[in-house]
Amino acid sequence: MLKKLIYSFFKSIKTHPKLTTILLALVIGLASSGISNFRFDASSETLVLDNDLAYKSYEEVNERFGSSEFLVVAVSNRDQQFDIGFLESFNNLAANLTALESVRNTTSILDAPILEQPKVPLLKVGNNDKYLLKDQVDFDEALDELKNSPIFKNLILNSDGDIFAIQVNLNSETDFPLAVAEIRSVLNNWGGEAYLAGPAMIVEDTINFIQNDVLVFGTVTFLVFCLLLIILFKGFWPVAIIMGNAALVMYIVIGSLGIFNWPVSIVSSNFLALLLITSIAVSVHILVNLQNAKNEDSNYLDALTEIFTPCFYTAITTIAGFGALMLSGIKPVIDFGKMMMWGVAINFIVSFVFISLCVFIKKLKENNAFNFGEWLADVINPIRLLARAITIPLILLCIPLFVYLASNLKVENKFIDYFKQDTEIYKGMSLIDTELGGTTPVDITILMPEKNIEMQDELDFFYSEDSEVPEYWWKQDSMTLLKSIQKKVEEVEGVGKVLSIVNGISLAESLNNENPLGDLELIFIKNTLLESETASDLIKDYISADDREVRLSLRIVDSQDNLNRKKLIDGLHAVLTTELSDTGYSYQITGLGVLYNNLLQSLFNSQIKSLGFVFGLIFLMLLILFRSALKSLCILVIPGLAVGSVLSIMTLLNIPLDIMTITIASISVGMSVDYAIHFAWRYIKEKEEINLYSNQDHYAVENTTFKTAGHAIFIVGITIIIGFLILVFSNFIPTILFGTLSALAIFISMILAFLALPRLIDLTIK
């Protein structure tokens, strides 16, 4: 019944080609309305877990203390004089940056008070501080002072005094791509040696590299696919159908993403390449099946009806595979899964409609192309006996080995490793990490329990009209505790610059002849001394208005060789738990560094969960298709070995599982299932047709299968492998890894389908 329905569907296309064309045109027109809305999303929200509680905390901290989103401009003055000429040029740069709408404020050496020309007594600081360019100061002495400042060293200048930073604090509602573009424009016009780095730039440059690769390598790959298919098919019409269908599918899907307002993020950036692959794969399988049929409409209808079933199940299993990503809990991964499910569904429908329409309008020429399946059968023939003898033992050996290796897959990365060493962002991140205290922000907030204030009155020195509670942190014992916490936080491996009110207090103590500040001095500092703009920003950004909560702003040295974000975060928790035990104080650790660590740590569990789910769904699909649990289980071994081998190779090559490589497993499963279903479907069908269940002539069945399904699989596989290997010429490391690992996954899937699958299926036939 179902077969007749499918046959009728294709017959209606043959009977009504004009109506089919009109319907396709309407779909294209609808897609066109969304093309202009298609976009890439470079926001930091694309790198967080779905419903991550830490993200809520991150937003709350930003609301209370101001946004922690910043960029760092590093200006090199090596082999140059620190003089009025440099300072005036530096001042112009800082002023131009401050004038940008996306910038909340900037901090540099020009904003740092000079307190030792001559040394200002603590009680007179507020009226006697000086500033570079504004006051008469000795530049060399000022440089020495700032190099040793508890606040400014390794924040706005390095310890050698030849690398100067401008911390560019962005507005909370900033369009980060626009901000980065504006800042870069200012730097380009400035003309000096300057580098830009920071979390917003990492995401933005990643998107820019991906967009460039999509444009350049997408075009090159498309042309290479055309050339290879022309060589393989020995004709222009089949290739025109395949690539025309690919272009049509891509256009419709991209347009629909614009209509649905589904932006492409870093994680889903490989979506377009995968869509191209699946489109070509389906097209080739359909065209090869049509070419094997006699050049008559009736035979075309039969051929389309026959190939529809395996293509349908490969589409369903692929959709199920990507649908499993919905269980990850990782927002960008979920979005990627949605896109691929939608893309595969559109690809399946459009491919059969478009290709059917094309071959009914203009028939295919007689197939005189070289049959690679036949050649493969000849190549494999000498090793068939060996392959049959060792297949099962090898599989039994590989399964525990792959499980062990895949379970040891590293879940960590360094953003700097995404970029080649000659790129601007690599140079900037390296310079700022090594010289200026790090690039990735992490925030610690500590909240005191509310104290009893019933006995407070206005005569109490510690009473503040601006607060309904006492000055919690502005007391010696509280500040001593905060100093101890900060000191131990700075000792945690991977932590760079740490900034809090402690840094200001340390500066004040240096002016107090290195004597600790008592309660009176601390309150005096709060109410009197910190009247300068720089100091007031320090108060506002690092202690709450009610004086109960303080913030420690950390920078992580992201480019360090032994970076381990989880270990670093755990180390911070250990310090805070120990220091705050039995105090009643509470704390939070948040920031982009924490959010990304949460994302990374969930990747492995997410990968295991999604793979387990997808293999369960694939098994059910195979069970429906082949009506045999044993056959389904044996066929399922192929995608299992494919994904296991690729993940194991990643472990051996020390390639981490991160937001850019997590899609490799999906590719391995998708392509291996595709090959396995098509090959197994044809192999079993051939055995059923010639009634060979004795296994006495299985070579004849294999040869026939290789000539049909094997031929199509080889054309698809070799074309896509070569296309992916083009990506090794990219300047973006994740693109290189994606191309190389994807090509490897497809090659392994082909080998397993050709060598292992016949033996596994034979085991199920009595």
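The values are calculated or read from the model by the stated rules, or taken from the named source; none is laboratory data. None of these values were measured; they are calculated from a predicted model. When we count neighbours, we look across all protein chains shown, and the Cβ atoms used for this are built from the backbone with ideal geometry, even at glycine.
Would you check which residues across segment 109-156 are at pLDDT 80 or above, assigned to a loop (DSSP other than H, G, I, E, B) and among the hydrophobic types (A, V, I, L, M, F, W, C) and list them?
Passing the criteria: 112, 115, 132, 133, 137, 151, 152, 155, 156.
Within segment 740-766, restricting attention to residues that are at pLDDT 85 or above, in contact with a Phe, Trp or Tyr (Cβ under 7 Å, 6 or more places away or on another chain) and not hydrophobic (A, V, I, L, M, F, W, C), which residue is nearest to residue 271 (Cα to Cα)?
749
Among the residues of segment 479-502, are any under 21 Å from residue 150 (Cα atoms), at pLDDT below 85 and assigned to a helix (DSSP H, G or I)?
no
Can you pull out the residues in segment 1-12 that are in contact (Cβ under 8 Å) with a residue 12 or more places away in the chain and within 42 Å of the chain's Cα centre (by Cα)?
6, 10
Mind listing just one residue for me: the one in segment 95-108 that is in contact with a strand residue (DSSP E or B) (Cβ under 6 Å, 6 or more places away or on another chain) and among the aliphatic types (A, V, I, L, M) and, of those, farthest from residue 139 (Cα to Cα)?
103
Please verify whether segment 199-221 includes one or more residues that are part of a loop (DSSP other than H, G, I, E, B), at pLDDT below 80 and within 14 Å of residue 100 (Cβ to Cβ).
So far as segment 199-221 goes, no, none of its residues is part of a loop (DSSP other than H, G, I, E, B), at pLDDT below 80 and within 14 Å of residue 100 (Cβ to Cβ).
Kindly provide the set of residues from segment 601-611 that are surrounded by fewer than 20 Cβ atoms within 10 Å (Cβ to Cβ) and either in contact with a helix residue (DSSP H, G or I) (Cβ under 8 Å, 6 or more places away or on another chain) or acidic (Asp, Glu) (or both), ordered by number.
Those that are surrounded by fewer than 20 Cβ atoms within 10 Å (Cβ to Cβ) and either in contact with a helix residue (DSSP H, G or I) (Cβ under 8 Å, 6 or more places away or on another chain) or acidic (Asp, Glu) (or both): 601, 609.
For every residue, the table says whether it meets (1) aromatic (Phe, Trp, Tyr); (2) outside the structural domain of residue 75 (by TED's automatic domain parsing); (3) within 25 Å of residue 640 (Cβ to Cβ); (4) not in a helix (DSSP H, G or I).
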{"site": "375", "(1), (2), (3), (4)": "yes, yes, no, no"}
{"site": "390", "(1), (2), (3), (4)": "no, yes, yes, no"}
{"site": "393", "(1), (2), (3), (4)": "no, yes, yes, no"}
{"site": "402", "(1), (2), (3), (4)": "yes, yes, yes, no"}
{"site": "417", "(1), (2), (3), (4)": "no, yes, no, no"}
{"site": "422", "(1), (2), (3), (4)": "no, yes, no, yes"}
{"site": "428", "(1), (2), (3), (4)": "no, yes, no, no"}
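Any residue that is over 30 Å from residue 54 (Cα atoms) and of a type in the set (A, V, I, L, M, F, W, C) - is there at least one of those in segment 330-339?
no
Evaluate the following for residue 348: is it buried (at least 21 other Cβ atoms within 10 Å of the Cβ) and either without any contact (Cβ under 8 Å) to a residue 60 or more places away in the chain or among the aromatic types (Phe, Trp, Tyr) (or both)?
yes
Exactly one condition in (1) of a type outside the set (Gly, Ala, Ser); (2) closer than 17 Å to residue 292 by Cβ; (3) crowded, with 19+ Cβ neighbours inside 10 Å is false for residue 664; which is it?
Against the list (1) of a type outside the set (Gly, Ala, Ser); (2) closer than 17 Å to residue 292 by Cβ; (3) crowded, with 19+ Cβ neighbours inside 10 Å, residue 664 comes up short only on (2).
If the requirement is being assigned by TED's automatic domain parsing to the domain that holds residue 481 and of a type in the set (A, V, I, L, M), which of these qualifies: 614, 557?
557
Confirm whether residue 200 is within 18 Å of residue 423 (Cβ to Cβ) and surrounded by 13 or more Cβ atoms within 10 Å (Cβ to Cβ).
yes
Does residue 594 satisfy being crowded, with 16+ Cβ neighbours inside 10 Å and closer than 30 Å to residue 484 by Cα?
Taking the combined requirement at face value, the residue satisfies it.
Exactly one of these conditions fails for residue 413: (1) modelled with pLDDT of 80 or more; (2) crowded, with 20+ Cβ neighbours inside 10 Å; (3) under 18 Å from residue 653 (Cα atoms). Give me its number.
Here residue 413 clears every test but (1).
The rows are residues; the columns are (1) outside the structural domain of residue 14 (by TED's automatic domain parsing); (2) surrounded by fewer than 24 Cβ atoms within 10 Å (Cβ to Cβ); (3) under 19 Å from residue 618 (Cα atoms).
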site	(1), (2), (3)
264	no, no, no
267	no, no, no
303	no, yes, no
308	no, yes, yes
327	no, yes, yes
338	no, yes, yes
